[in-house]
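Everything below concerns the one structure shown next.
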Amino acid sequence: MSLAGTLFAALLLLVPASAFGLDFGRLQQSLTSRFGNAPLALFADWKTMLNEGSKLGEKEKLRRVNDFFNQRIAFDDDISIWGQSDYWATPLELIGMGRGDCEDFSIAKYYSLLAMGVPVGKLRLVYVRARQNGPAGPVLQAHMVLAYYPTPNAEPLILDNLKSEILPASRRTDLSPIFSFNSAGLWQGTGNQSSTSTLSRWQDLLMRARAEGFE
(Lines give C-alpha, C1' and ligand atoms only; values in the text may rest on other atoms or scores of the structure.)
Protein backbone atom coordinates (compact mmCIF):
# COMPACT_ATOMS: atom_id res chain seq x y z
CA MET A 1 0.00 0.00 0.00
CA SER A 2 1.24 3.52 -0.79
CA LEU A 3 1.97 6.04 1.96
CA ALA A 4 -1.16 7.97 0.97
CA GLY A 5 -3.20 4.79 1.19
CA THR A 6 -1.74 3.95 4.60
CA LEU A 7 -2.58 7.41 5.89
CA PHE A 8 -6.16 7.20 4.70
CA ALA A 9 -6.55 3.80 6.34
CA ALA A 10 -5.59 5.53 9.59
CA LEU A 11 -7.99 8.39 8.89
CA LEU A 12 -10.92 6.01 8.54
CA LEU A 13 -10.24 4.85 12.10
CA LEU A 14 -10.26 8.44 13.37
CA VAL A 15 -13.51 9.75 11.88
CA PRO A 16 -16.57 7.49 11.51
CA ALA A 17 -18.40 8.02 8.24
CA SER A 18 -21.85 7.47 9.75
CA ALA A 19 -21.69 9.32 13.07
CA PHE A 20 -20.16 12.55 14.27
CA GLY A 21 -20.70 14.38 17.52
CA LEU A 22 -19.29 17.10 19.73
CA ASP A 23 -18.59 16.94 23.43
CA PHE A 24 -19.29 20.61 24.19
CA GLY A 25 -18.23 20.28 27.82
CA ARG A 26 -14.84 18.92 26.86
CA LEU A 27 -14.53 21.43 24.04
CA GLN A 28 -15.17 24.36 26.37
CA GLN A 29 -12.69 23.01 28.89
CA SER A 30 -10.08 22.60 26.14
CA LEU A 31 -10.79 26.13 24.92
CA THR A 32 -10.48 27.89 28.29
CA SER A 33 -7.42 25.90 29.35
CA ARG A 34 -5.52 27.19 26.32
CA PHE A 35 -7.09 30.55 25.54
CA GLY A 36 -8.78 31.72 28.73
CA ASN A 37 -12.28 33.12 28.90
CA ALA A 38 -11.99 35.71 26.11
CA PRO A 39 -13.25 33.40 23.30
CA LEU A 40 -16.22 32.03 25.29
CA ALA A 41 -18.75 34.40 23.69
CA LEU A 42 -17.71 33.33 20.20
CA PHE A 43 -17.75 29.69 21.29
CA ALA A 44 -21.29 30.11 22.69
CA ASP A 45 -22.48 31.70 19.43
CA TRP A 46 -20.92 28.84 17.44
CA LYS A 47 -22.64 26.27 19.67
CA THR A 48 -25.98 28.06 19.23
CA MET A 49 -25.53 28.12 15.45
CA LEU A 50 -24.83 24.38 15.38
CA ASN A 51 -27.82 23.53 17.57
CA GLU A 52 -30.25 25.75 15.66
CA GLY A 53 -28.80 24.87 12.27
CA SER A 54 -29.22 21.13 12.78
CA LYS A 55 -32.95 21.59 12.19
CA LEU A 56 -32.54 23.44 8.88
CA GLY A 57 -32.22 22.27 5.27
CA GLU A 58 -28.73 21.71 3.92
CA LYS A 59 -28.59 24.86 1.76
CA GLU A 60 -29.43 27.01 4.78
CA LYS A 61 -26.86 25.13 6.87
CA LEU A 62 -24.23 26.04 4.27
CA ARG A 63 -25.20 29.70 4.35
CA ARG A 64 -25.17 29.94 8.13
CA VAL A 65 -21.82 28.23 8.53
CA ASN A 66 -20.20 30.17 5.69
CA ASP A 67 -21.46 33.50 7.05
CA PHE A 68 -20.50 32.71 10.64
CA PHE A 69 -16.83 32.10 9.95
CA ASN A 70 -16.44 34.67 7.17
CA GLN A 71 -17.97 37.39 9.35
CA ARG A 72 -16.65 36.47 12.80
CA ILE A 73 -13.09 35.30 12.06
CA ALA A 74 -10.28 37.54 10.78
CA PHE A 75 -7.96 36.35 8.03
CA ASP A 76 -4.28 36.09 8.94
CA ASP A 77 -1.31 33.90 8.00
CA ASP A 78 0.22 31.07 9.97
CA ILE A 79 3.50 32.87 10.61
CA SER A 80 1.68 35.70 12.33
CA ILE A 81 -0.66 33.44 14.30
CA TRP A 82 1.42 30.37 15.13
CA GLY A 83 5.01 31.26 14.18
CA GLN A 84 4.98 28.42 11.61
CA SER A 85 4.90 28.49 7.82
CA ASP A 86 2.03 25.98 7.59
CA TYR A 87 -0.15 25.05 10.57
CA TRP A 88 -3.64 23.58 10.31
CA ALA A 89 -5.74 24.82 13.22
CA THR A 90 -8.62 22.84 14.64
CA PRO A 91 -11.98 24.65 14.72
CA LEU A 92 -11.47 25.18 18.45
CA GLU A 93 -8.05 26.76 17.88
CA LEU A 94 -9.58 29.01 15.21
CA ILE A 95 -12.24 30.16 17.66
CA GLY A 96 -9.63 30.56 20.39
CA MET A 97 -7.39 32.79 18.27
CA GLY A 98 -10.20 34.52 16.38
CA ARG A 99 -8.16 34.48 13.19
CA GLY A 100 -6.88 31.97 10.66
CA ASP A 101 -5.93 31.28 7.05
CA CYS A 102 -7.86 29.60 4.24
CA GLU A 103 -7.22 26.05 5.48
CA ASP A 104 -8.50 26.95 8.95
CA PHE A 105 -11.69 28.53 7.56
CA SER A 106 -12.38 25.51 5.33
CA ILE A 107 -11.70 22.95 8.06
CA ALA A 108 -13.91 24.76 10.58
CA LYS A 109 -16.75 24.88 8.06
CA TYR A 110 -16.27 21.18 7.29
CA TYR A 111 -16.45 20.16 10.96
CA SER A 112 -19.40 22.46 11.62
CA LEU A 113 -21.45 21.07 8.76
CA LEU A 114 -20.70 17.51 9.87
CA ALA A 115 -21.89 18.44 13.36
CA MET A 116 -25.12 19.84 11.83
CA GLY A 117 -25.81 16.53 10.14
CA VAL A 118 -24.45 16.99 6.61
CA PRO A 119 -23.05 13.60 5.44
CA VAL A 120 -19.29 13.43 5.02
CA GLY A 121 -19.78 12.17 1.44
CA LYS A 122 -21.22 15.55 0.44
CA LEU A 123 -18.21 17.56 1.66
CA ARG A 124 -14.68 17.85 0.30
CA LEU A 125 -11.79 20.08 1.22
CA VAL A 126 -10.31 21.27 -2.08
CA TYR A 127 -6.83 22.58 -2.77
CA VAL A 128 -6.99 25.07 -5.64
CA ARG A 129 -4.95 27.67 -7.42
CA ALA A 130 -6.76 30.98 -6.99
CA ARG A 131 -6.27 33.74 -9.53
CA GLN A 132 -6.00 37.06 -7.74
CA ASN A 133 -5.07 40.55 -8.85
CA GLY A 134 -1.58 41.64 -7.80
CA PRO A 135 0.38 44.88 -8.30
CA ALA A 136 1.89 43.51 -11.54
CA GLY A 137 -1.31 41.81 -12.76
CA PRO A 138 -3.07 38.50 -12.03
CA VAL A 139 -1.21 35.95 -9.91
CA LEU A 140 -1.97 32.35 -8.95
CA GLN A 141 -1.92 31.52 -5.25
CA ALA A 142 -2.38 28.25 -3.37
CA HIS A 143 -5.74 28.27 -1.62
CA MET A 144 -8.25 25.94 0.05
CA VAL A 145 -12.05 25.96 -0.17
CA LEU A 146 -14.86 23.66 0.95
CA ALA A 147 -17.02 22.01 -1.71
CA TYR A 148 -20.56 20.72 -1.10
CA TYR A 149 -22.03 18.08 -3.45
CA PRO A 150 -25.86 17.83 -3.21
CA THR A 151 -25.61 14.46 -5.01
CA PRO A 152 -22.51 12.43 -5.96
CA ASN A 153 -22.39 13.64 -9.58
CA ALA A 154 -23.75 17.16 -9.03
CA GLU A 155 -21.83 20.36 -9.61
CA PRO A 156 -20.47 21.39 -6.20
CA LEU A 157 -21.16 24.62 -4.37
CA ILE A 158 -18.06 26.44 -3.10
CA LEU A 159 -17.68 27.87 0.40
CA ASP A 160 -14.77 30.29 0.42
CA ASN A 161 -13.42 32.87 2.84
CA LEU A 162 -12.48 35.09 -0.14
CA LYS A 163 -16.11 35.51 -1.22
CA SER A 164 -19.23 35.86 0.90
CA GLU A 165 -21.54 34.33 -1.71
CA ILE A 166 -21.77 30.54 -2.08
CA LEU A 167 -21.50 29.86 -5.81
CA PRO A 168 -21.49 26.81 -8.09
CA ALA A 169 -18.00 25.74 -9.15
CA SER A 170 -18.70 26.76 -12.76
CA ARG A 171 -19.05 30.37 -11.61
CA ARG A 172 -15.71 30.30 -9.78
CA THR A 173 -13.55 30.61 -12.88
CA ASP A 174 -10.84 32.12 -10.66
CA LEU A 175 -10.25 28.71 -9.06
CA SER A 176 -8.40 25.74 -10.59
CA PRO A 177 -8.70 22.52 -8.53
CA ILE A 178 -5.58 20.53 -7.69
CA PHE A 179 -6.98 17.76 -5.51
CA SER A 180 -9.66 17.28 -2.87
CA PHE A 181 -10.15 15.09 0.18
CA ASN A 182 -12.29 14.43 3.22
CA SER A 183 -12.21 11.94 6.07
CA ALA A 184 -13.01 9.07 3.71
CA GLY A 185 -11.08 9.58 0.48
CA LEU A 186 -8.83 11.51 -1.88
CA TRP A 187 -9.71 12.79 -5.36
CA GLN A 188 -7.17 13.99 -7.90
CA GLY A 189 -7.74 17.26 -9.72
CA THR A 190 -5.98 18.85 -12.65
CA GLY A 191 -2.60 19.32 -10.99
CA ASN A 192 0.32 17.12 -9.97
CA GLN A 193 0.89 18.48 -6.47
CA SER A 194 1.84 15.74 -4.02
CA SER A 195 -0.84 14.98 -1.47
CA THR A 196 1.25 12.96 0.99
CA SER A 197 2.29 15.92 3.16
CA THR A 198 -1.29 17.20 3.08
CA LEU A 199 -2.64 13.89 4.33
CA SER A 200 -0.05 13.84 7.11
CA ARG A 201 -1.17 17.30 8.29
CA TRP A 202 -4.81 16.22 7.99
CA GLN A 203 -4.17 13.12 10.09
CA ASP A 204 -2.43 15.23 12.74
CA LEU A 205 -5.33 17.69 12.80
CA LEU A 206 -7.94 14.92 13.16
CA MET A 207 -6.08 13.49 16.15
CA ARG A 208 -5.76 16.89 17.84
CA ALA A 209 -9.44 17.68 17.19
CA ARG A 210 -10.55 14.38 18.68
CA ALA A 211 -8.49 15.05 21.81
CA GLU A 212 -10.28 18.41 22.17
CA GLY A 213 -13.78 16.90 22.06
CA PHE A 214 -14.66 16.46 18.36
CA GLU A 215 -15.85 12.86 18.32
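The values are calculated or read from the model by the stated rules, or taken from the named source; none is laboratory data. The structure presented is a predicted model; accordingly, all values stated were derived computationally and were not measured. All Cβ positions, glycine included, derive from the backbone under ideal geometry; neighbour counts span all protein chains shown. Surface areas here come from the heavy atoms of the whole protein model, side chains and all, with no ligands, DNA or RNA. Shrake-Rupley method; radii C 1.70, N 1.55, O 1.52, S 1.80 Å.
Is it true that A147 is part of a loop (DSSP other than H, G, I, E, B) and of a type in the set (A, V, I, L, M)? Taking the combined requirement at face value, the residue does not satisfy it. Could you tell me which residue of the range 160-190 is farthest from Q132 (Cα to Cα), considering only residues that are open to solvent by 50 Å² or more (accessible area, probe 1.4 Å) and of a type in the set (V, I, T)? The qualifying residue farthest from Q132 (Cα to Cα) is T190.
Looking only at the range 93-102, count every residue that is open to solvent by 10 Å² or more (accessible area, probe 1.4 Å), outside any loop (DSSP other than H, G, I, E, B) and more than 22 Å from K59 (Cα to Cα) and tell me the total. Full working, then the answer.
First, the residues of the range 93-102 that are open to solvent by 10 Å² or more (accessible area, probe 1.4 Å): 96-99, 101-102.
Add one more test, that the residue is outside any loop (DSSP other than H, G, I, E, B), and what stays is 96-97, 99, 102.
Narrowing further to those that are more than 22 Å from K59 (Cα to Cα): 96-97, 99.
Of the residues in the range 93-102, 3 are open to solvent by 10 Å² or more (accessible area, probe 1.4 Å), outside any loop (DSSP other than H, G, I, E, B) and more than 22 Å from K59 (Cα to Cα).
Of all positions in the range 136-150, none carries a residue that is free of Cβ contacts under 8 Å to residues at least 24 places away in the same chain, hydroxyl-bearing (S, T, Y) and either closer than 30 Å to T48 by Cβ or open to solvent by 50 Å² or more (accessible area, probe 1.4 Å) (or both). Whether a residue is small (G, A, S) and open to solvent by 10 Å² or more (accessible area, probe 1.4 Å) was assessed, and A108 does not pass this test. Can you say whether L157 is among the aliphatic types (A, V, I, L, M) and open to solvent by 10 Å² or more (accessible area, probe 1.4 Å), as far as the supplied structure shows? Criteria met by L157.
Checking R210, R129 one by one, the residue that is in contact (Cβ under 8 Å) with a residue 12 or more places away in the chain and either touching an Asp or Glu at 6+ places or on another chain (Cβ under 7 Å) or not in a strand (DSSP E or B) (or both) is R210 and no other. Of the helices (runs of 4 or more DSSP H) lying entirely inside the range 1-74, the ones with 1 or more residues being at pLDDT 95 or above and under 29 Å from I166 (Cβ atoms) are found at 24-35, 40-53, 58-72.
Please go through the range 156-197 and give me each residue that is modelled with pLDDT under 80 and in contact with a strand residue (DSSP E or B) (Cβ under 7 Å, 6 or more places away or on another chain), ordered by number. Residues satisfying the conditions are L186, W187, Q188, G189, T190, G191, Q193, S195.
If you go through the range 65-92 and keep only what is in contact (Cβ under 8 Å) with a residue 12 or more places away in the chain, crowded, with 17+ Cβ neighbours inside 10 Å and either closer than 16 Å to A44 by Cα or hydroxyl-bearing (S, T, Y) (or both), you end up with V65, F68, F69, I73, T90, P91, L92.
For (1) on the phi > 0 side of the Ramachandran plot; (2) out of contact with any strand residue (DSSP E or B) (no Cβ under 7 Å at 6 or more places or on another chain); (3) among the β-branched types (V, I, T); (4) at pLDDT 95 or above, each residue gets a yes or a no:
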| position | (1), (2), (3), (4) |
| --- | --- |
| Y111 | no, no, no, yes |
| M116 | no, yes, no, yes |
| K122 | no, no, no, yes |
| Y127 | no, no, no, no |
| Q132 | no, no, no, no |
| V139 | no, no, yes, no |
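Pairs meeting the criteria (first residue in the range 51-63 and under 15 Å from K122 (Cα atoms) and open to solvent by less than 50 Å² (accessible area, probe 1.4 Å), second residue part of a loop (DSSP other than H, G, I, E, B) and not β-branched (V, I, T), beta carbons under 7 Å, at least 6 apart or on different chains) are K61/M116.
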